[in-house]
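Taking it in order: structure first as structure tokens, then the write-up.
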Amino acid sequence: MVTCLNHNHPFWADMSSDQITNWEGTTVRACTMVRPMGNNLKTLRERRGWTVEAAANAMGLSKSGYEKIENGDRRLTLERISRAAQIYQVPESEVISSRVETYVVGEVLRGGVVKLFGEDASKRAVAPSPFDASLDTVALLVADGDALPGVAEERWYVYHGQRHEGLPDEWVGDLCVIALSPAEVVIRRAYHGRERGTYDIVSLGHEPRRGVTILWSSKIEWIKPR
């Protein structure tokens, strides 16, 4: 089934723009031909580390033909959806841009400390998906009312995307999930420190930490009441 999305239901907070957006899912009937639409082929291809040429060969298409499908300029038939799911080893539902499942991968504890679940645990819980969630979007459940004072309340969801090594310059000052070590992950805003490659991390209600290094980071994209 293909799910279309509109804007008539619960509120979503966009942390980058401070604007409020909302969504509602509406299920429509399956059909033999999907209209020109967005899809997840680029995300799936890049996850594999494939070039456009390699993906086109795997799909049995010319490079230009594959590019038109990936860009949403050519109709994506059910046969091509099935073929893409096969070569990328994902369910067919993850090939097209219907609402994707967003897994809860951890909890936010007191002090903004993030406790990440293991692989098996993450598959048992699914959070409502933001209207423009991608395959990389995951959720954290705020488990303590003092975890993110002034930002989120207990039992709210915090959504973030793909991890990046270190901290991209464009995320300096933004609220992010930050790994200081494999065993220490927190939600903080980070600013450049005095020494090259170091950062000062701050959060409401907590003392700043200065001169830390960041292993990986992921920008928080939405915060929503449960």
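The values are calculated or read from the model by the stated rules, or taken from the named source; none is laboratory data. Note that this is a predicted model, so its numbers are computed, not measured. Please note: Cβ atoms are built from the backbone with ideal geometry, for glycine as well, and neighbour counts cover all protein chains shown. These accessible areas exclude ligands, DNA and RNA; they are computed on the full protein's heavy atoms, side chains included. Shrake-Rupley method; radii C 1.70, N 1.55, O 1.52, S 1.80 Å.
How would the range 173-212 be classified by its alpha-carbon gyration tensor: rounded, prolate or oblate, with rounded meaning a/c under 1.5 and the a/b versus b/c comparison settling the rest? Verdict is oblate for the range 173-212.
How compact is the range 68-207 by the rule of thumb for globular proteins, expressed as Cα Rg over 2.2 N^0.38 Å? Taking N as the residue count of the range 68-207, the ratio is 1.26. Based on Cα contacts under 8 Å between residues 6+ apart, the range 135-226 shows a relative contact order of 32 percent. Using a Förster distance of 45 angstrom, determine the FRET efficiency expected from the C-beta separation of T43 and D144, and round it to 0.05. It comes to 0.85. Cross-linked pairs K42/K68; K115/K224; K63/K219; K42/K63: Cα-Cα separations exceed 22 Å for K63/K219. Full extension of the chain segment joining Q89 with E170 gains 25.9 nm, where the gain is 0.36 nm per residue of separation less the Cα-Cα distance. Ordering E94, E53 by accessible surface, largest first, gives E53, E94; the 1.4 Å probe counts only protein heavy atoms, with every chain in place.
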